[in-house]
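Undergrad: Here it is: the structure, laid out below.
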Amino acid sequence: MGTLLKNFSTIAELYLILGKEYAKKGEKPLLKYRKDGNWVEVSYEQFGEEVENFALGLHKLGVKAGDKVAIISENRPEWVYSDMAIVGLGAVDVPIYPSLTADTIEFILDNSESVGAIVSNKYQLNKLLKIQKKLNHLKFIIVFNQKDCPENEENIFTFAYVQEIGKKAKAELGDFFIESCKKVKETDLLTIIYTSGTTGEPKGVMLTHKNVVSNVKAAVESLPVDKNDVFLSFLPLCHIFERTTGYYTAYACGCLVAYSESIDTVAQNLLEIKPTIVTTVPRLFERIYGKIKKNVENQPEFKQKLFNWAVQTGHEYRKALKNNSLNVALIAKYKLADKLVLKKIRDKTGGRIKYFVSGGAALAPELGEFFEALGIIILEGYGLTETSPVISCNRYDNYKFGTVGKIFSGVEVKIASDGEILVKGPNVMQGYYKNKKETEAAFSDGWFHTGDIGVFDAEGFLIIRDRKKHLFKTSGGKYIAPTPIENLFLQSKYIDQFVLIGDRRMFLTALIVPDFEAIKEYADSNNISYEKVEDLVQKKEIYDLIEKDLAVLQKNLASFERIRKFTLLEQPFSLERGEITPTMKIRRKVIEERYRDLIENMYKEFEK
């Protein structure tokens, strides 16, 4: 369905297409980014020069084919330049989340044997300086921000300085980098991405050019995307989902990619960039839904009724559209609802969205259906870092909420006897770097074990039940998949984070982090006194408020799936305390251990 600029077999070859061949056309910019409050455009020609100059500079610093070079940075053009330069040299990049601690970064740099590290700013540089003496393989550090780079420090350089070295070496080296790109083979290692996992130390996922390129081509075959599309990128490029879909796939189709400054500026950036495609995670939709709901509740009654009528009309219209049962009356009714309500909400996304691609976690079906009624299509997909990442995805012309779509071209999937999803295909990793034990445990008879429990429906759509390790059994013998239940309760505008408890217990309880902004607003409107907003979790009125929301949300659950008791927490789960991963996944074992006393107290109250 999509259109590649040109066929390619390695990411280095993609660079040649973008930096040399397509640059000659000069049709439009390749990317945009914010600088000093303004959007700055980068042409294909400039991109080609930026990458080549940096690559030649790295070559002069001694980087050669097979070397590992780490990137520790937020999204920005230099991230892309660095990535393309490293892989074009036949080297391997090691992307690292900028939110990780110095200790974790030390493990990754040491385990990967990285010879260099490229960092964005002083904050990231300071982490490296703390551990630098322990890193036997590290030969140099490069800093993007010139002002953050210390002067006269041995083997610490600015990005601009390394580019200048490369630019001066161009006369001597000629087409060295171009020839280097051509030498890269599809079987060569492209990247090592360390998965934080929900237990244990990070594991380095080894992905080849073929692994990732096969996924790019399958994405283009499955989704409508071409050079007229505009992407807004805000998910971390160090995550394989954004890197494969919002970076390599976008550029391979000649799309313009605009880099958001941060998650906090996405709402404004949507209005400024007016993207047609956005790759994201369900949390974005949960937040948007919460804001829409709160805004509607603050409107006069007639406006609330108008909103609910318009959304219901949107549901009816979409259902009739799928069933080929549209009639003149419904079309007229929908046009009115769209003009009065629905279009105004879509305009807040820039007004040009073709579709969102959602991954990384489960999307509640109710959210998908709500946004569909507004005219905003969310295509949910599924995959892992180990599968480059996409295994399946809903299609623009064939999607079903509550599923993760149909399997990508070239990928094989089967369901094991215990319900686990097993995968084969050109996108499946080579193994975990220097970790034979974990690699062997991940495969059997050539099939990769995803650790996820799933099932196919009658039409071939894949449904994810939960992580295999997350499934628990109540003492009454009932199996529970916690994630769908947790996602259900996250629809409450008063809940920010939610962890279900109940393994080997008589009934379910929960640890809840409230949305502090929402409960503060409720407290202020209802004259509930407090000194600090955190104090509100101790207030009976707030407990009753959330309990009332839970009762409504869980009314359709089976009795053994319902929450009997919950505890409100004073602070969100955090990466720094090891309670969540960089991709915002809950580390259940850590949380259950840390809050063991609170959990036991919830059950003791019922045992008395």
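Where a number appears in this text, it was derived from the coordinates with a stated rule and is not lab data. All values reported here derive from a predicted model rather than from experimental measurement. Here the Cβ is made from the backbone with ideal geometry for all residues, glycine too, and neighbour counts use every protein chain on show.
Undergrad: Cα-based Rg of segment 120-223 per 2.2 N^0.38 Å, rounded to two decimals?
TA: Values: Rg = 18.4 Å, N = 104, 2.2 N^0.38 = 12.8 Å.
Ratio of Cα Rg to 2.2 N^0.38 Å: 1.43.
Undergrad: Oh, and also: Can you compute the label reach from residue 6? Point 7 Å from Cα along the Cβ direction, backbone N cut-off under 19 Å, restricted to segment 237-269.
TA: Flagged as within label range: 248-256.
Undergrad: Residue by residue through segment 273-278, which ³J(HN,Hα) values in whole Hz follow from phi under the Karplus form 6.51 cos²θ - 1.76 cosθ + 1.60 (θ = phi - 60°), with glycine and proline marked x?
TA: Per residue, the Karplus-derived 3J(HN,Hα) values read 8, 6, x, 9, 9, 9 Hz.
Undergrad: Which cross-chain or sequence-distant (5 or more) residues have an amide H under 5 Å from the amide H of residue 257, H modelled 1.01 Å from N in plane?
TA: 31, 32, 231
Undergrad: Further question: Give the span of the chain's Cα atoms along each principal axis, as three whole-Å numbers ordered largest to smallest.
TA: Reported extents, whole Å, longest axis first: 76, 62, 55.
Undergrad: Loop only by DSSP, 15 or fewer other Cβ within 10 Å of the Cβ. Give me the trypsin sites (Lys or Arg not before Pro) in segment 147-209 that pass, ordered by residue number.
TA: Those satisfying the criteria are 185.
Undergrad: Okay, next question. Along segment 363-372, what does the Karplus equation 6.51 cos²θ - 1.76 cosθ + 1.60 (θ = phi - 60°) give for ³J(HN,Hα), rounded to whole Hz, x for Gly and Pro?
TA: After applying 6.51 cos²θ - 1.76 cosθ + 1.60, I find 9, 4, x, 4, 5, x, 5, 4, 5, 4 Hz.
Undergrad: Could you give the Stokes-Einstein D for segment 280-326 in µm² per second, using the C-alpha Kirkwood radius, 25 °C, 0.890 mPa s? Write out the running numbers ahead of the final one.
TA: Working: Rh = 12.3 Å.
It diffuses with D of about 199 µm²/s by this estimate.
Undergrad: Do you know the relative contact order of segment 472-607, to the nearest whole percent, from alpha carbon pairs under 8 angstrom that are 6+ apart?
TA: Reported as a whole number, the value is 23 percent.
Undergrad: Whole-Hz ³J(HN,Hα) for each residue in segment 160-171, computed from phi via Karplus 6.51 cos²θ - 1.76 cosθ + 1.60 with θ = phi - 60°, x for glycine and proline: what do you get?
TA: 4, 5, 5, 4, 5, 4, x, 4, 5, 7, 4, 4
Undergrad: Out of all DSSP beta bridges in the chain, what portion is antiparallel? Express it as a percent rounded to 5.
TA: For the chain, the DSSP antiparallel bridge percentage is about 50.
Undergrad: What residues qualify as long-range amide H neighbours of residue 380, i.e. H under 5 Å apart, gap of 5 or more or another chain, H built at 1.01 Å from N?
TA: 358, 394
Undergrad: Mind jotting down the three principal axis lengths of segment 400-464 based on Cα atoms? Whole angstrom, largest first.
TA: Sorted from largest, the Cα extents of segment 400-464 read 40, 25, 19 Å.
Undergrad: Can you give me the Cα centroid spacing of segment 77-113 and segment 375-445 in angstrom?
TA: 24 Å
Undergrad: Compute, for segment 472-607, the length of the dipole vector about the Cα centre, with Cβ point charges of +1 (Lys, Arg) and -1 (Asp, Glu) only. Units Debye, rounded to 20.
TA: Here the size comes out at about 760 debye.
Undergrad: I want to check the label-to-label distance for residue 340 and residue 322. Put each point 7 Å from Cα in the C-beta direction and report it in nm to one decimal.
TA: In this crude label model, residue 340 to residue 322 measures out at 2.5 nm.
Undergrad: Applying a 10 Å radius around every beta-carbon, put 413-423, 555-565, 356-366 in order of their mean neighbour count, most first.
TA: Going by the mean number of other Cβ atoms within 10 Å, highest first, we get 356-366, 413-423, 555-565.
Undergrad: Ok, one more. Can you tell me which lysines have their Cα less than 19 Å from the Cα of residue 589? Leave out same-chain residues fewer than eight positions away.
TA: 203, 468, 469, 473
Undergrad: Could I ask something else about it? Rank 484, 426, 416 by how far each Cα sits towards the positive end of the charge dipole of segment 415-559 (+1 on Lys, Arg Cβ; -1 on Asp, Glu Cβ) and give me just the farthest.
TA: 416
Undergrad: Provide the packing ranking of 2-9, 494-501, i.e. peptides ordered by the mean count of other C-beta atoms within 10 Å per residue, highest first.
TA: 494-501, 2-9
Undergrad: In percent, how large is the relative contact order of segment 11-82, given Cα pairs closer than 8 Å and 6 or more residues apart?
TA: 28 percent
Undergrad: Something else now. Could you work out the relative contact order of the chain? I mean the mean sequence separation of Cα pairs under 8 Å and 6+ apart, divided by the number of residues, in percent.
TA: Averaging sequence separation for qualifying contacts and normalising by length gives 11 percent for the chain.
Undergrad: Compactness ratio of segment 472-607: Cα Rg over 2.2 N^0.38 Å, N = residue count?
TA: Dividing the Cα Rg of segment 472-607 by 2.2 N^0.38 Å gives 1.04.
Undergrad: Something else about it: Amide H neighbours of residue 157 under 5 Å, at least 5 residues apart or on other chains, H built in the peptide plane: list them.
TA: Those qualifying (amide H under 5 Å, at least 5 residues apart or on another chain) are 141, 142, 143.
Undergrad: With unit charges on the beta carbons (Lys and Arg positive, Asp and Glu negative) and the dipole taken about the Cα centre of the chain, which residue among 152, 128, 556 sits farthest to the positive side?
TA: 556
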